[in-house]
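Peer 1: Sharing a structure with you now.
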Amino acid sequence: MKTLLIGEYREGKLLDSTYELFGFASQMGSETAMLMVGSESQLPAYGGTLYLADAATCGEYNPDLHKKLILDAVQKENPDYIVFVHSSYGWDLAPRVAASLKVAQVSELIGVVPGGFEVGCCNAKMRRTVKPNGARAVLTIQAGAFPVEQPGGTPQLQKLAASESGTLEFVGYEPAEKKDVDLGKAEIIVSAGRGIGKKDNVPVIAALAKALGGELGASRPVVDAGWVEHSHQVGTTGQTVSPKLYVACGISGAIQHLAGMKKSDFIVAINKDKDAPIGEIADVLVVADVMQFVPALTAKVAR
Amino acid sequence: MKLLVCIKQVPDLESRFKPNAEGVWYNETDLAWRMNEYDEYAVEQAVQLREKLGEGTELTVLSIGSDRVVEAIKKALAMGADNAAHIQDPAAASKDPWQIASIIATYAKDKAFDIIFTGMQSQDRGSAQVGVTVAEQLGIACTTTIVGFEYDSGNIRAKRELEGGIKGIVKMKTPALVTCQMGLNVPRYPTLPNIMKAKKKEIAVIPVADLLKEEALATTASFHPPAKKGGGIVLEGDVGVLVDQLIAILKDKTAVLR
Ligand SMILES: Cc1cc2nc3c(=O)[nH]c(=O)nc-3n(C[C@H](O)[C@H](O)[C@H](O)COP(=O)(O)OP(=O)(O)OC[C@H]3O[C@@H](n4cnc5c(N)ncnc54)[C@H](O)[C@@H]3O)c2cc1C
Ligand SMILES: Nc1ncnc2c1ncn2[C@@H]1O[C@H](COP(=O)(O)O)[C@@H](O)[C@H]1O
């Protein structure tokens, strides 16, 4: 069995998540080759074959061109699986490669199980086992689901060149918004999720944060709706935090939220849904209506 | 100009999900349904563009599914879409993303849509494949996960959301497809007059057999709950008691309460 791993590179740097691809390949017990649109000055610690195209000429985001490069390498390597990280790069490019090859894509794998690949569904509450119908498939792995593995060594480079410009023009990056709150340093964070119901209820959650001497955090929908400022958002597109205590109020526990807070020392979740996926990582799940429970807790803590 | 927005109806995600008889998807009885959250942003963006372009622009909303999906279609019509295509398929849930995409692409092929809007992913299956695959099958430009969208005479300027809050700015020419991310805009609530007006809008009903030309490329072998990791304490009952229990645990297990 052979996997072609598609490494990732952003703003001139090799992304660490690339090493999770090796973790996946090990679990599969598979031979590997790798492809990256990157730079020779930033090579992964990997002794296998690396198909390398230069990001300076091919662009970091040019899916038409990157697809072509991958299809070339697929011809040469004849891999069983072509594997990406399920990231803004991977979920954008993988379906293009799968469609060109007319093979199945299995998205956001969290595990390898007998009979197929394990993926989450229904907002991470449930799981599916998915099996590609053909021998070859395109896979994307969930960020953080497979161990980071550094194979070590120096790659055997196979340089790829391509000219074709593609249908998209990449204009450039826009930096992340400045944060006026650094949640990364907070020892206690109390976060509001959509389960709080409405903007008027934010002060109730903020009051618990204050009573505990902590900061207010928030899930993305609460930020998108304008209930809480973006600088308080926890998750893949917000901040990554690791406080001593994290209290999730009315937050379901989607992977993108968990990615930002699962390293917290102690996690308390308040949710009326006993099956909410936040329960899988919470040290304590309080099954209750958040708007009844939180004020009662605040009153006792403040006393 | 011709615009298309693809929407999926999904269950309320706060529901309890039980496997169906075949054990490969959820049992659909006793579920409340609504429009896939990401698709609400897609509809809103399409409607905003429709309004900006005014006369001569037509916005079609498409959904594949059983008769219940007409509810979601009606919501999109009430938000401002002009007409709809209901691809009637009681077995939509058993089709893989490749097939769903091919149904949409076959529908769109000879209709010369200038811009197609989809959600970046569905909340129940969440493959994040259908939009991009439609674009590939139609051979048109596509970008994903947009949180910003501008259109001016055949040119799209979109802002893609990347990890850690960084954005990528992309330009492309129509015809093109974009997949919409949460936070792209603020989806409107349909007003009562618009709900009434929507009742008169045309919903073309097309049997899926007319559009389905592809075999599935993947099979779902099983649908099941996660293997519980355990370890965590679950507290249930009277709120007053719960508060005391939690405070006792925090005092015992953490250093944050004394
Ligand atoms: C590319 C990408 C990036 C993303 N980045 C982020 C990110 O950085 N951060 C982030 O948070 N999300 C992010 N998301 C969104 C994420 O997928 C989820 O949609 C989001 O985290 C859900 O927020 P929530 O838990 O507040 O809302 P929901 O998922 O709607 O959950 C609400 C919860 O509240 C509970 N509830 C409802 N009413 C009550 C009540 N009265 N009492 C108690 N509980 C109640 C419900 O049972 C439910 O579990 C991202 C998504 C994508 C695709
Ligand atoms: N049954 C369907 N009918 C119409 N559009 C759909 C359907 N399923 C998926 N889509 C569209 O494709 C997007 C991505 O879905 P998915 O690939 O399933 O995550 C959704 O946000 C919708 O815009």
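Peer 1: Could you tell me whether B:Glu136 is among the acidic types (Asp, Glu), farther than 19 Å from A:Ser88 by Cα and either outside any loop (DSSP other than H, G, I, E, B) or touching a Ser or Thr at 6+ places or on another chain (Cβ under 9 Å) (or both)?
Peer 2: So B:Glu136 fails the test.
Peer 1: Going through A:Ser242, A:Ser231 one at a time, which residue ends up being away from every other protein chain (no Cβ under 12 Å) and surrounded by fewer than 18 Cβ atoms within 10 Å (Cβ to Cβ)?
Peer 2: A:Ser242
Peer 1: Next question, about the same structure. What tally of residues in segment A:161-182 results from selecting those that are within 13 Å of chain B (Cβ to nearest Cβ) and either more than 12 Å from ligand 1 (Cβ to nearest atom) or at pLDDT 95 or above (or both)?
Peer 2: 14
Peer 1: Which numbered condition trips up A:Val148, out of (1) over 30 Å from B:Lys228 (Cα atoms); (2) more than 13 Å from chain B (Cβ to nearest Cβ); (3) in contact (Cβ under 8 Å) with a residue 24 or more places away in the chain?
Peer 2: For A:Val148, the failing item is (1).
Peer 1: Just to check your reading of the model, which residue among B:Gly148, B:Gly126 is free of Cβ contacts under 8 Å to residues at least 40 places away in the same chain, within 16 Å of ligand 1 (Cβ to nearest atom), assigned to a loop (DSSP other than H, G, I, E, B) and within 30 Å of A:Leu183 (Cα to Cα)?
Peer 2: B:Gly126
Peer 1: Of all residues in segment B:35-56, count the ones that are in contact with a strand residue (DSSP E or B) (Cβ under 7 Å, 6 or more places away or on another chain) and without any contact (Cβ under 8 Å) to a residue 60 or more places away in the chain.
Peer 2: 2
Peer 1: Could you check how many residues of segment B:196-215 are surrounded by 15 or more Cβ atoms within 10 Å (Cβ to Cβ) and either more than 23 Å from the chain's Cα centre (by Cα) or not in a strand (DSSP E or B) (or both)?
Peer 2: Here the count works out to 6.
Peer 1: Another question about this same structure. Name the helices (runs of 4 or more DSSP H) wholly within segment B:36-123 that hold at least 1 residues that are more than 16 Å from ligand 1 (Cβ to nearest atom) and of a type in the set (Ser, Thr, Tyr)?
Peer 2: B:97-108
Peer 1: Give A:Lys179, A:Lys185, A:Lys199 a once-over and let me know the one that is among the basic types (Lys, Arg), free of Cβ contacts under 8 Å to residues at least 24 places away in the same chain and over 30 Å from A:Asp64 (Cα atoms).
Peer 2: A:Lys185
Peer 1: Can you spot a residue in segment B:176-183 that is farther than 18 Å from B:Lys8 by Cα, facing chain A (nearest Cβ under 7 Å), part of a strand (DSSP E or B) and out of contact with any Pro (no Cβ under 6 Å at 6 or more places or on another chain)?
Peer 2: no
Peer 1: If I filter segment A:73-108 down to residues being of a type in the set (A, V, I, L, M), touching a strand residue (DSSP E or B) at 6+ places or on another chain (Cβ under 6 Å) and within 15 Å of ligand 2 (Cβ to nearest atom), which single residue comes out as farthest from B:Asp96 (Cα to Cα)?
Peer 2: The selected residue is A:Ala94.
Peer 1: Kindly list the number of the only condition in (1) away from ligand 2 (no atom under 16 Å from the Cβ); (2) over 21 Å from B:Ala248 (Cβ atoms) that fails for A:Val268.
Peer 2: So the condition that A:Val268 fails would be (2).
Peer 1: Could you count how many residues in segment B:4-55 are more than 13 Å from the chain's Cα centre (by Cα) and among the β-branched types (Val, Ile, Thr)?
Peer 2: Number satisfying all stated conditions: 3.
Peer 1: Report yes if A:Tyr61 is within 14 Å of chain B (Cβ to nearest Cβ), crowded, with 21+ Cβ neighbours inside 10 Å and not hydrophobic (A, V, I, L, M, F, W, C), otherwise no.
Peer 2: Taking the combined requirement at face value, the residue satisfies it.
Peer 1: Of the residues A:Ala259, A:Ala218, A:Ala248, which single one is closer than 28 Å to A:Ser17 by Cβ, modelled with pLDDT under 95 and hydrophobic (A, V, I, L, M, F, W, C)?
Peer 2: The conditions single out A:Ala259.
Peer 1: Considering only residues of segment B:104-127 that are over 21 Å from A:Leu93 (Cα atoms) and within 11 Å of ligand 2 (Cβ to nearest atom), which is farthest from the other protein chains (Cβ to nearest Cβ)?
Peer 2: B:Tyr107
Peer 1: Can you confirm whether B:Lys171 is more than 16 Å from ligand 2 (Cβ to nearest atom), of a type in the set (D, E, K, R) and either farther than 30 Å from A:Lys178 by Cα or touching a residue at least 60 places away in the same chain (Cβ under 8 Å) (or both)?
Peer 2: Spelling it out, it is not the case that B:Lys171 is more than 16 Å from ligand 2 (Cβ to nearest atom), of a type in the set (D, E, K, R) and either farther than 30 Å from A:Lys178 by Cα or touching a residue at least 60 places away in the same chain (Cβ under 8 Å) (or both).
The values are calculated or read from the model by the stated rules, or taken from the named source; none is laboratory data. The shown structure was predicted, so the numbers you read here are calculated from the model rather than taken from an experiment. All Cβ positions, even for glycine, are placed from backbone atoms using ideal geometry, and neighbour counts span all protein chains on display.
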